[in-house]
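Chemist: Dumping the structure here so I can ask a few things about it.
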Amino acid sequence: MSQTLTRTIVAPNHQPTAPRYRSKAARVVFGIPYWVFTTALAVIFLYPLIWTGVSSVSPMAGTSQTDGWGFGNYAALGEYQAGIWVYLGNSLFVSVLTVALTLFISLLGGYAFARFSFPGKNALFLLTLAILMVPYATLLIPLYVILNAVGLQNSLVGVALVITMFQLPFSMFMMRISFESIPREMDEAAMVDGCSSWGALWRVLLPAVKPGLVTVGLFAFLTAWNDFMAPLILINDTNRMTLPLAVANLRGQVQGVVDYGATEAGVVVLALPCILLFLILQRHYVRGFMSGAFKG
């Protein structure tokens with residue numbers, strides 16, 4: 001008995017491509033408001049910076065650059081009192097010391113809050129965060145009295161200590177969530193291999209929380225570099241002024257007349273390091289903020 005095998009060839013069913021094109025067109029249509037909104041925000045934020053940069057080198061009556069385009073305003077800024085390099089050095093010293101202290105204290109504090117249990121841990125953490133609820137300016141006068149008692153009044157070290165104190169709540173919070181996003185199995189594996197808690201921190205966990213450290217360090221640097229209030233209260237020696245304080249004093253140096261050209265040059269000098277540092281560390285900065293979004 002022979003059996004007849006019948007093979008049925010089914011033609012491929014070509015799905016219409018119209019829905020795919022409609023989906024793509026819908027994404028384009030709905031994406032237009034997003035691009036319009038983000039472009040408008042970029043223009044709003046970038047226009048003052050671009051205008052300031054152009055104005056600092058353009059001719060303007062009553063400034064040090066009155067004839068043609070040039071860097072006369074920057075020359076006037078460099079010759080103001082002790083000189084711009086002194087003020088840049090003061091700002092750099094305060095910023096670097098603030099970043100170093102903030103990173104060291106928040107690294108150890110965040111590790112302790114995330115990995116150890118001890119009596120009053122949550123209460124102490126909430127007390128640290130409570131500093132954020134106290135207005136910055138209200139504590140400067142008591143801090144001035146304390147620093148004067150210990151010999152750090154009119155000192156750049158004292159300014160760095162004050163700014164560090166106000167950076168610690170946010171920094172401690174960032175480092176705690178950074179450590180909590182790392183599985184505890186990494187600590188346990190390191191300790192099985194012979195590491196102590198200190199060794200596990202420096203050899204295993206420190207590379208894992210690098211984005212959080214970059215975020216904390218960047219915030220600390222930007223705050224210390226641009227801070228005006230603390231140097232204004234704590235510094236009374238013109239040779240120890242930071243750059244923001246020097247630029248503010250420069251505005252009214254001649255009978256109360258504002259030198260807009262030199263002021264705009266000072267704003268450009270203040271903004272450039274912040275912009276460059278942010279562009280360089282932007283990838284780590286975003287990862288640092290996202291580090292606590294998922295645990296494990």
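The values are calculated or read from the model by the stated rules, or taken from the named source; none is laboratory data. Note that this is a predicted model, so its numbers are computed, not measured. We place every Cβ from the backbone using ideal geometry, glycine too, and count neighbours over all the protein chains shown. Quick note on the areas: whole protein, heavy atoms, side chains included, nothing else; ligands and nucleic acids left out. Shrake-Rupley method; radii C 1.70, N 1.55, O 1.52, S 1.80 Å.
Chemist: Could you identify the single residue in Thr128, Thr39, Thr98 that is out of contact with any Lys or Arg (no Cβ under 8 Å at 6 or more places or on another chain), of a type outside the set (Asp, Glu) and under 24 Å from Arg240 (Cβ atoms)?
Modeler: Numbers: Thr128 fails: under 24 Å from Arg240 (Cβ atoms); Thr39 fails: under 24 Å from Arg240 (Cβ atoms).
Just one listed residue meets the conditions, Thr98.
Chemist: Check region 118-130 and report whether any residue there is in contact with a Pro (Cβ under 7 Å, 6 or more places away or on another chain) and either open to solvent by less than 50 Å² (accessible area, probe 1.4 Å) or over 19 Å from Leu97 (Cβ atoms) (or both). Explain how you work it out, then say what you get.
Modeler: So the first thing to find is which residues in region 118-130 are in contact with a Pro (Cβ under 7 Å, 6 or more places away or on another chain), and the list is 128-129.
With the extra rule that they be either open to solvent by less than 50 Å² (accessible area, probe 1.4 Å) or over 19 Å from Leu97 (Cβ atoms) (or both), the set shrinks to 128-129.
Checking region 118-130: at least one residue is in contact with a Pro (Cβ under 7 Å, 6 or more places away or on another chain) and either open to solvent by less than 50 Å² (accessible area, probe 1.4 Å) or over 19 Å from Leu97 (Cβ atoms) (or both).
Chemist: A further question on this structure: Looking at Leu276, is it among the hydrophobic types (A, V, I, L, M, F, W, C), under 14 Å from the mean Cα position of the chain (by Cα), surrounded by fewer than 12 Cβ atoms within 10 Å (Cβ to Cβ) and at pLDDT 75 or above?
Modeler: Values: among the hydrophobic types (A, V, I, L, M, F, W, C): yes; under 14 Å from the mean Cα position of the chain (by Cα): yes; surrounded by fewer than 12 Cβ atoms within 10 Å (Cβ to Cβ): yes; at pLDDT 75 or above: yes.
Here the answer is yes, as Leu276 does meet what is asked.
Chemist: Can you tell me which of Ala61, Ala137 is out of contact with any helix residue (DSSP H, G or I) (no Cβ under 8 Å at 6 or more places or on another chain) and at pLDDT below 85? Explain how you work it out, then say what you get.
Modeler: Values: Ala137 fails: out of contact with any helix residue (DSSP H, G or I) (no Cβ under 8 Å at 6 or more places or on another chain).
Answer to the selection: Ala61.
Chemist: If the requirement is being under 19 Å from Phe228 (Cα atoms) and either at pLDDT below 85 or open to solvent by 50 Å² or more (accessible area, probe 1.4 Å) (or both), which of these qualifies: Val145, Val159? Show your work before the answer.
Modeler: Numbers: Val159 fails: either at pLDDT below 85 or open to solvent by 50 Å² or more (accessible area, probe 1.4 Å) (or both).
The match here is Val145.
Chemist: Would a scan of region 185-205 turn up a residue that is farther than 24 Å from Thr242 by Cα, modelled with pLDDT of 85 or more and among the small types (Gly, Ala, Ser)?
Modeler: Among the residues of region 185-205, not one is farther than 24 Å from Thr242 by Cα, modelled with pLDDT of 85 or more and among the small types (Gly, Ala, Ser), which makes the answer no.
Chemist: Same structure, new question: Quick one: which helices (runs of 4 or more DSSP H) sit completely within region 167-235 and have at least 2 residues that are within 30 Å of Gln153 (Cβ to Cβ) and open to solvent by less than 10 Å² (accessible area, probe 1.4 Å)? I'd like the intermediate steps shown before the answer.
Modeler: Details: elements: 184-192, 197-200, 210-226, 229-234.
Helices (runs of 4 or more DSSP H) meeting the threshold: 210-226, 229-234.
Chemist: Could you list, in sequence order, all residues of region 74-100 that are of a type in the set (A, V, I, L, M, F, W, C) and farther than 13 Å from Phe219 by Cα? Lay out the reasoning, then the answer.
Modeler: Applying the first criterion (of a type in the set (A, V, I, L, M, F, W, C)) to region 74-100 yields 75-77, 82, 84-86, 88, 92-94, 96-97, 99-100.
Answer for region 74-100, where residues must be of a type in the set (A, V, I, L, M, F, W, C) and farther than 13 Å from Phe219 by Cα: Ala75, Ala76, Leu77, Ala82, Ile84, Trp85, Val86, Leu88, Leu92, Phe93, Val94, Leu97.
Chemist: Among the residues in region 125-139, are any polar (S, T, N, Q) and either assigned to a helix (DSSP H, G or I) or under 28 Å from the mean Cα position of the chain (by Cα) (or both)? Reasoning before the result, please.
Modeler: Residues of region 125-139 polar (S, T, N, Q): 128, 138.
If we keep only those that are either assigned to a helix (DSSP H, G or I) or under 28 Å from the mean Cα position of the chain (by Cα) (or both) too, we end up with 128, 138.
Within region 125-139, one or more residues are polar (S, T, N, Q) and either assigned to a helix (DSSP H, G or I) or under 28 Å from the mean Cα position of the chain (by Cα) (or both).
Chemist: Exactly one of these conditions fails for Pro16: (1) at pLDDT 80 or above; (2) farther than 30 Å from Trp202 by Cα. Give me its number.
Modeler: (1)
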